[in-house]
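Below is one structure; the comments refer to it alone.
The values are calculated or read from the model by the stated rules, or taken from the named source; none is laboratory data. Nothing here was measured: the structure is a model prediction, and the numbers come from that model. Heads up, the Cβs are rebuilt from the backbone with ideal geometry, glycines too, and the neighbour counts pull from every protein chain shown.
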């Protein structure tokens, strides 16, 4: 990293610029830090390239597609301001060296390292291709090395930029020496062009040499089209598969999935040589020594709005006036975005009346959209949140002293992308709707965030923790999946003396949760082993290995179906140590499918079982829910949705204005601290990530989840 140039901005949106990571013909890449301390790489495009309207269209399309790429080995685009005079985008910052820097420093990599490199980059390209993209610039400089694997960068967006700027002047798109023959000829490219480029990268990683040599660009392009690649020095165990990637005809090359399968194999120990792992550790430490974060204070509402009916503040839980800084677990992904305004859709609501007795008919009505899966596979989750939200709306509407009435606008998207698009279009067009509570599937939510972004409509979710869903209008009302590992690390390092077996189910969620844990345990030099087992696969071999190796504890990161298989397999193998699991296992299906084998499992969750909690707020909420629903217990997520509506009311009424716009609520939500029934809600102002306190802990006992408490110090001994 180099210091910023005098021409570089001091800030890009909500990010303080700390240095310059690189530069090119179309812009610069800057190291930025959010107000809360998260590091990002910010690509700032030169303003002159934004004058072409076609560029804007392509840029918007590519950003929307790139946000759907899900791979642990691809650094995603997490935000972009496509409308700024100088468009920009932010990605996760990876402190490790590029593959090019590593090979220049240490020479070719060992065969096992090349195999892991190829398999994981193939997986990343598979995700890129599935999202409808072609990378077109796979090269060593676009591969960053982290302690747990490589990261592919600059996918998707390069296509938007290059289509406008380079194609118009008949310049070959890509990097000579690492592009395919069809690219060298200026022809049409597809997914297998990326496979050829990856083959060049793997040959370079194995030998330290470019397979088509160096020299004048014209000579390199000629050799790429007509000559056989130089494969001398490639280990024989890798030669066949790399040579297949370098076939001249695209149809003769493997697919990304085929290449991944060919390279996947057993890998023991670290994936990189010790000197490169040391370099990564040194660069990570350097990032922690960067200039301190600029002090910030949350904007507290001007009006002290009373809490929900009958709920009084507890003396032992004061609402904080200053949000404490928090360091993320070392190695956990820090996906950050810029906060933005949004179209101000002013509402007066003169003709609307709120639900609930006692509501004054002449108050303007604050409409809250509720997009949910109410008839599909996520119906139980959607209905639970609807019931909690409606209870909050009715309580708020019954308060005659407040300036607004409230109503909930419900739309059912069945958890599918098509109905989700229709639902989002309707809510975005309804100018009385000033915020949306999303209780739908992750796939459906991800498909409509761009639409809500364009409308400037704030979106809140209490159940979706996918970090790739972050954008300028989305606020996550729960701790992210990586942060759930903080108390687990403290438990394992403080209570367990043996090794830990960390198992994930091969899904993005499983990787997200277990990656942070693995990084923290490795940093603390705690003994651990890892395994990946698909949810529908045989878990017996992994369970038996855990018993043979005398693993003191097992951490399962994955969904309820795989967790149930793991539980039964551990019981059959005779495991007697602790077993821990995360958010996704806090699901009644786990109890049903695992049966007695679930007993004793410890679960960390972002959801509070209000009926089992002892706080005054939880007791009051539970009583109100039972009164409304015929003595039925509040289901999981009802309390969180109830909190979300009250949070919006606190923000709206705290503004002290007779009318509220969408653009008013977004920054207010992100700078407000609110003590709810289930959590203390606080957020990173720049990107809407959750920074409050909100983890609950459970032990499976007698076939049910027994609430242990809301602090990790309450883990059982």
*Look through 692, 661, 656, 688 and report the one residue that is within 22 Å of the chain's Cα centre (by Cα) and surrounded by fewer than 21 Cβ atoms within 10 Å (Cβ to Cβ).*
692
*Only one of 650, 626 that is touching a residue at least 12 places away in the same chain (Cβ under 8 Å) and in a helix (DSSP H, G or I)*: 650
_I'd like to check something: does region 19-36 contain any residue that is modelled with pLDDT of 85 or more, assigned to a strand (DSSP E or B) and over 23 Å from residue 146 (Cα atoms)?_
no
_Residue check, residue 44 closer than 16 Å to residue 9 by Cα and surrounded by fewer than 19 Cβ atoms within 10 Å (Cβ to Cβ)_ = no
_I'd like the full set of residues that are at pLDDT 75 or above, farther than 17 Å from residue 552 by Cβ and either touching a helix residue (DSSP H, G or I) at 6+ places or on another chain (Cβ under 7 Å) or not in a loop (DSSP other than H, G, I, E, B) (or both), limited to region 497-513._
504, 505, 509, 510, 511, 513
*In region 588-621, how many are in contact with a strand residue (DSSP E or B) (Cβ under 9 Å, 6 or more places away or on another chain), surrounded by 23 or more Cβ atoms within 10 Å (Cβ to Cβ) and within 25 Å of residue 677 (Cβ to Cβ)?*
8
*Does residue 700 satisfy the criteria of being in a strand (DSSP E or B), within 25 Å of residue 584 (Cβ to Cβ) and in contact with a helix residue (DSSP H, G or I) (Cβ under 8 Å, 6 or more places away or on another chain)?*
yes
*How about region 191-236: which of its residues are under 23 Å from residue 151 (Cα atoms) and exposed (fewer than 15 other Cβ atoms within 10 Å of the Cβ)?*
208
_Residue satisfying all of: in region 164-190; modelled with pLDDT under 80 and touching a helix residue (DSSP H, G or I) at 6+ places or on another chain (Cβ under 7 Å); surrounded by the fewest Cβ atoms within 10 Å (Cβ to Cβ) among these_ = 172
_Spans of helices (runs of 4 or more DSSP H) in region 49-140 with at least 1 residues modelled with pLDDT of 85 or more and assigned by TED's automatic domain parsing to the domain that holds residue 197_ = 99-106, 111-130
*Taking region 536-551 as the search range and keeping residues that are under 30 Å from the mean Cα position of the chain (by Cα) and exposed (fewer than 14 other Cβ atoms within 10 Å of the Cβ), which one is farthest from residue 575 (Cα to Cα)?*
536
